[in-house]
Amino acid sequence: MKDIGIPPHIQGYHYLKEAISQVMDNPALLNKVTKELYPNVAERMDSTPTRVERSIRHAIELVWNRDDTRHISAIFGYSEELLKEKPTNSKFIAMIVNSTKNGQGK
């Protein structure tokens, strides 16, 4: 996640790491983001589901506000055209999980 520009000092970085880890273990959580994933992360990280969602969204916004889709495209293996719009939290988590499983992401 550092490679794509999410600063490790923000809380969203840590929530994303935990969310990605949980989705790697249980991919079905991507279909239950608000009902299970955020509450699971919140419980594990001593937070609330609302804070988890908001912090992850903020982390993603930091990356997309830099408007460096070429770099993100190279890391994830997606076309720049696909990355023009900021993804939802669940799509972003899925992108990282998929690129990690395919050996592209870090």
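Readers should treat all values here as calculations from the given coordinates under stated rules, not as data from a laboratory. Keep in mind the model is a prediction, meaning the values are calculated, not measured. In this analysis, Cβ positions are derived from the backbone assuming ideal geometry, glycine residues included, and neighbour counts consider all displayed protein chains.
A few points about this structure:
- In the chain, Rg over Rh equals 0.94, where Rg is the alpha-carbon radius of gyration and Rh the Kirkwood radius from pairwise Cα distances.
- Per-residue HN-Hα couplings for region 44-59 [Karplus 6.51, -1.76, 1.60; θ = phi - 60°; Hz; x = Gly/Pro]: 5, 9, 6, 9, 10, x, 5, 5, 4, 4, 5, 5, 5, 4, 4, 4
- Given +1 at the Cβ of Lys and Arg, -1 at the Cβ of Asp and Glu and no other charges, the dipole of region 12-65 around its Cα centre is 120 debye to the nearest 20.
- Computed across region 5-44, the Kirkwood radius stands at 10.4 Å (inverse of mean 1/r, all Cα pairs).
- Farthest positive-ward along region 9-49 dipole, Cα basis, beta-carbon charges - from Gly12, Val33, Gln22: Val33
- Karplus (6.51, -1.76, 1.60) ³J(HN,Hα), θ = phi - 60°, over region 11-21, in Hz, Gly and Pro reported as x: 5, x, 4, 5, 5, 4, 4, 5, 4, 5, 4
- For the chain, the dipole from Cβ point charges (+1 on Lys and Arg, -1 on Asp and Glu) about the Cα centre works out to 40 debye, to the nearest 20.
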